[in-house]
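*Asks:* Structure provided below as structure tokens; questions to follow.
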Amino acid sequence: MPSIAVFNMNKQQVGEVQLPDAVFGTEVKEYLIHQALRIQLANRRAGTVAVKNRAAVSGGGKKPFKQKGTGNARQGCSRAPQYPGGGVAFGPQPKTYNLSMNKKARAAALCSLLSFQYKNESITVLDKLDFDKISTKDFAGFMKRFELEKSLIITDNPSNNLYLSARNVPHVKVLKVGGLNVHDMLKYKNIIFTQEAVQTVEGALQK
């Protein structure tokens, strides 16, 4: 079972914690990570873009000119795509882009990515992460002390002080452990876990 050092907010090591082998010690399956990311990004798409085709454009009910004798090509409606103000031919219509992934495959993708991050030493564990007051300055000082940039913070139950202190710091995001997702873990270079979150992450991934 892999283990990792636990630090306090002053960057002093205060112990070690055993990481769940089923989460941080699994085989890295890149194809599952790719599939989970593709599905997550696809499900974000609204699919609401639409244009008017010739049936939806108003007007043009009358035949523009008679069928024969004018020397022009036959026309049946002035709202056809070749006319100014006419409908769009083969334009986009509302659709759904939603894809699905079963729970076990999604959990395996998250475990693969967490195992990859652990092997690359991109995970930091803190005994706790909280502030006495809302202070962006204090939070920025904490990040500078650990020399971390582009960090995803995973806690079991983020306090209001932590969330509001981190809100205005660029390239930082605070998530509950149940909100772990592939996109955010790939987007941020480092992952900061609280010790409580490490102990509950295995159960959270099974939900």
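*Asks:* In segment 92-99, is there at least one residue being touching a Pro at 6+ places or on another chain (Cβ under 8 Å), of a type in the set (S, T, N, Q) and assigned to a loop (DSSP other than H, G, I, E, B)?
*Replies:* Of all residues in segment 92-99, those touching a Pro at 6+ places or on another chain (Cβ under 8 Å) come to none.
The answer is no; no qualifying residue exists.
*Asks:* Between a first residue in segment 146-161 that is closer than 18 Å to Leu113 by Cβ and without any contact (Cβ under 8 Å) to a residue 60 or more places away in the chain and a second residue that is part of a strand (DSSP E or B) and open to solvent by 40 Å² or more (accessible area, probe 1.4 Å), which pairs have beta carbons less than 9 Å apart while being 6 or more apart in sequence or on different chains?
*Replies:* Ser151/Lys173; Leu152/Lys173; Ile153/Lys173; Ile154/Lys176
*Asks:* Right, another one. I want to confirm something. Restricting to segment 1-28 and keeping residues that are open to solvent by less than 30 Å² (accessible area, probe 1.4 Å) and in a loop (DSSP other than H, G, I, E, B), which single residue is nearest to Asp138 (Cα to Cα)? Steps first, answer last, please.
*Replies:* Taking segment 1-28 as the starting set, the residues that turn out to be open to solvent by less than 30 Å² (accessible area, probe 1.4 Å) are 2, 4-6, 8, 15, 17, 19-20, 23-24.
Remaining after also requiring in a loop (DSSP other than H, G, I, E, B): 2, 8, 19-20.
Numbers: Pro2: 32, Asn8: 14, Leu19: 29, Pro20: 31 Å.
Looking at residues that are open to solvent by less than 30 Å² (accessible area, probe 1.4 Å) and in a loop (DSSP other than H, G, I, E, B), I get Asn8.
*Asks:* Can I ask one more? Does segment 132-147 include one or more residues that are at pLDDT below 95 and under 28 Å from Arg45 (Cα atoms)?
*Replies:* no
*Asks:* Can you find a residue that is over 25 Å from Glu30 (Cα atoms), without any contact (Cβ under 8 Å) to a residue 40 or more places away in the chain and out of contact with any helix residue (DSSP H, G or I) (no Cβ under 6 Å at 6 or more places or on another chain) anywhere in segment 170-178?
*Replies:* Yes: segment 170-178 contains one or more residues that are over 25 Å from Glu30 (Cα atoms), without any contact (Cβ under 8 Å) to a residue 40 or more places away in the chain and out of contact with any helix residue (DSSP H, G or I) (no Cβ under 6 Å at 6 or more places or on another chain).
*Asks:* Going by the structure shown, is Ala107 over 24 Å from Val182 (Cα atoms) and hydrophobic (A, V, I, L, M, F, W, C)?
*Replies:* Details: over 24 Å from Val182 (Cα atoms): no; hydrophobic (A, V, I, L, M, F, W, C): yes.
So Ala107 does not fit the description; no.
*Asks:* If only one of Ser115, Ser165, Ser159, Ser122 is hydroxyl-bearing (Ser, Thr, Tyr) and more than 20 Å from Gln199 (Cα to Cα), which one is it? Even if it seems obvious, please write down each step before you answer.
*Replies:* Working: Ser115 fails: more than 20 Å from Gln199 (Cα to Cα); Ser159 fails: more than 20 Å from Gln199 (Cα to Cα); Ser122 fails: more than 20 Å from Gln199 (Cα to Cα).
Answer to the check: Ser165.
*Asks:* When segment 163-207 is examined, which residues are found to be assigned to a helix (DSSP H, G or I), closer than 23 Å to Val17 by Cα and open to solvent by less than 40 Å² (accessible area, probe 1.4 Å)? Before you say what the answer is, go through the steps one by one.
*Replies:* Taking segment 163-207 as the starting set, the residues that turn out to be assigned to a helix (DSSP H, G or I) are 163-166, 177-179, 182-187, 195-205.
Retained after the next criterion (residues that are closer than 23 Å to Val17 by Cα): 177-179, 185, 195-205.
The answer is Val177, Gly179, Met185, Ala197, Val198, Val201, Ala204, Leu205.
*Asks:* Moving to a separate point now. Criterion first (of a type in the set (Val, Ile, Thr) and either more than 30 Å from Lys187 (Cβ to Cβ) or modelled with pLDDT of 95 or more (or both)) does Thr26 satisfy it? Write out each step before concluding.
*Replies:* Numbers: of a type in the set (Val, Ile, Thr): yes; either more than 30 Å from Lys187 (Cβ to Cβ) or modelled with pLDDT of 95 or more (or both): no.
Answer is no for this residue.
*Asks:* How do the pairs read when you match residues in segment 5-31 that are among the polar types (S, T, N, Q) with residues anywhere that are in a loop (DSSP other than H, G, I, E, B) and open to solvent by less than 30 Å² (accessible area, probe 1.4 Å), using Cβ under 9 Å and keeping only pairs 6 or more apart or on different chains?
*Replies:* Short answer, once both residue conditions are applied: Gln18/Pro2.
*Asks:* A further question on this structure: Here are some residues: Ser115, Ser100, Ser122. Which one is under 30 Å from Glu202 (Cβ atoms) and touching a strand residue (DSSP E or B) at 6+ places or on another chain (Cβ under 7 Å)? Give the steps one after another, and end with the answer.
*Replies:* Values: Ser115 fails: touching a strand residue (DSSP E or B) at 6+ places or on another chain (Cβ under 7 Å); Ser100 fails: touching a strand residue (DSSP E or B) at 6+ places or on another chain (Cβ under 7 Å).
Exactly one residue qualifies, and that residue is Ser122.
*Asks:* When only residues in segment 35-88 that are charged (D, E, K, R) and within 40 Å of the chain's Cα centre (by Cα) count, which is nearest to Arg106 (Cα to Cα)?
*Replies:* This residue is Arg38.
*Asks:* Here is a list: Gly85, Gly69, Gly59. Which entry is on the phi > 0 side of the Ramachandran plot and open to solvent by 60 Å² or more (accessible area, probe 1.4 Å)? Give the steps one after another, and end with the answer.
*Replies:* Working: Gly85 fails: open to solvent by 60 Å² or more (accessible area, probe 1.4 Å); Gly59 fails: open to solvent by 60 Å² or more (accessible area, probe 1.4 Å).
Result: Gly69 is the single residue among Gly85, Gly69, Gly59 that is on the phi > 0 side of the Ramachandran plot and open to solvent by 60 Å² or more (accessible area, probe 1.4 Å).
*Asks:* Oh, and also: Are any residues in segment 139-160 surrounded by 15 or more Cβ atoms within 10 Å (Cβ to Cβ) and in a helix (DSSP H, G or I), and if so, which ones?
*Replies:* Hits for segment 139-160 are Phe139, Ala140, Phe142, Met143, Phe146.
The values are calculated or read from the model by the stated rules, or taken from the named source; none is laboratory data. This structure is a prediction, so every number in the text was calculated from the model and none was measured. Counting neighbours? That spans all protein chains shown, and the Cβs are built from the backbone with ideal geometry, glycine included. To get the accessible areas, we keep the full protein, side chains included, count just its heavy atoms, and leave off ligands, DNA and RNA. Shrake-Rupley method; radii C 1.70, N 1.55, O 1.52, S 1.80 Å.
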